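Encoded as structure tokens, the structure appears first; notes follow it.
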Amino acid sequence: QVQFVESGGGLVQPGGSLRLSCAASISGFRSSVMAWYRQAPGNQRELVAVVIPSAITNYAAFVKGRFTISRDNAKNMLYLQMNSLKPDESAVYYCNQSPPLSNSWGQGTQVTVSS
């Protein structure tokens with residue numbers, strides 16, 4: 001059974017940083033393209049960052065230079081380091097494969113950027 005468990009969210013002031021973690025219970029994690037997504041209230045879920053098995057990364061334009069996605073294949077873990085956070089980046093952040101497994105979304109982790 002595929003399962004993603006996200007953690008590390010919380011309340012942070014504008015300009016602050018957070019590091020999100022995702023424990024992925026999937027076979028073949030090390031060969032999977034993994035990604036972080038986010039969904040703000042009233043908005044569609046959007047792709048934030050992608051990392052392929054070789055650790056090459058790609059980012060949405062709106063986070064490039066501020067966020068860093070990484071993976072630990074030995075631990076089946078995915079990470080997202082977020083710096084210089086903005087209030088409009090408050091959302092629930094999810095991890096999943098890319099393209100995502102539609103029936104395997106986790107609970108996500110809430111990130112709130114507010115003073």
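Please pick out the residue among Asn96, Asn76 that is at pLDDT 95 or above, farther than 21 Å from Asn43 by Cβ and of a type outside the set (Gly, Ala, Ser).
Working: Asn96 fails: farther than 21 Å from Asn43 by Cβ.
The unique qualifying residue is Asn76.
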Mind checking which residues of the range 50-68 are exposed (fewer than 12 other Cβ atoms within 10 Å of the Cβ), modelled with pLDDT under 95 and in contact with a Ser or Thr (Cβ under 9 Å, 6 or more places away or on another chain)? Ala55
So Val5 clears everything in (1) surrounded by 15 or more Cβ atoms within 10 Å (Cβ to Cβ); (2) assigned to a strand (DSSP E or B) except one condition, right? Which one? (1)
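Please find, among Arg19, Arg71, the residue that is open to solvent by 60 Å² or more (accessible area, probe 1.4 Å), closer than 14 Å to Cys95 by Cβ and either not hydroxyl-bearing (Ser, Thr, Tyr) or not in a strand (DSSP E or B) (or both). Break it down stepwise before answering.
Numbers: Arg71 fails: open to solvent by 60 Å² or more (accessible area, probe 1.4 Å).
Exactly one residue qualifies, and that residue is Arg19.
If I ask for residues that are open to solvent by 50 Å² or more (accessible area, probe 1.4 Å) and among the basic types (Lys, Arg), which ones from the range 22-49 would you list? I'd like the intermediate steps shown before the answer.
First, pick out the residues of the range 22-49 that are open to solvent by 50 Å² or more (accessible area, probe 1.4 Å): 25, 27, 30-31, 39, 41-47.
Passing the criteria: Arg30, Arg45.
Determine whether Gly108 is among the small types (Gly, Ala, Ser) and within 17 Å of Ser25 (Cβ to Cβ). Before the answer, list the steps.
Details: among the small types (Gly, Ala, Ser): yes; within 17 Å of Ser25 (Cβ to Cβ): yes.
So Gly108 passes the test.
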Residues (more than 15 Å from Ser102 (Cβ to Cβ) and without any contact (Cβ under 8 Å) to a residue 40 or more places away in the chain) located in the range 1-40: Ser27, Gly28, Ser31
Under the condition of being touching a strand residue (DSSP E or B) at 6+ places or on another chain (Cβ under 8 Å) and of a type outside the set (A, V, I, L, M, F, W, C), which residue from the range 42-64 is farthest from Cys22 (Cα to Cα)? Asn43
Would you mind telling me which numbered condition in (1) of a type in the set (Asp, Glu); (2) under 14 Å from the mean Cα position of the chain (by Cα); (3) open to solvent by 60 Å² or more (accessible area, probe 1.4 Å) Asp88 fails? (2)
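The values are calculated or read from the model by the stated rules, or taken from the named source; none is laboratory data. Just so you know, these numbers come straight off a predicted model, no measurement behind them. Neighbour counts are summed over all protein chains in view; Cβ atoms, including those assigned to glycine, are modelled from backbone coordinates with ideal geometry. The protein model used for the area step is the full one, side chains on, heavy atoms only, and it has no ligands, DNA or RNA in it. Shrake-Rupley method; radii C 1.70, N 1.55, O 1.52, S 1.80 Å.
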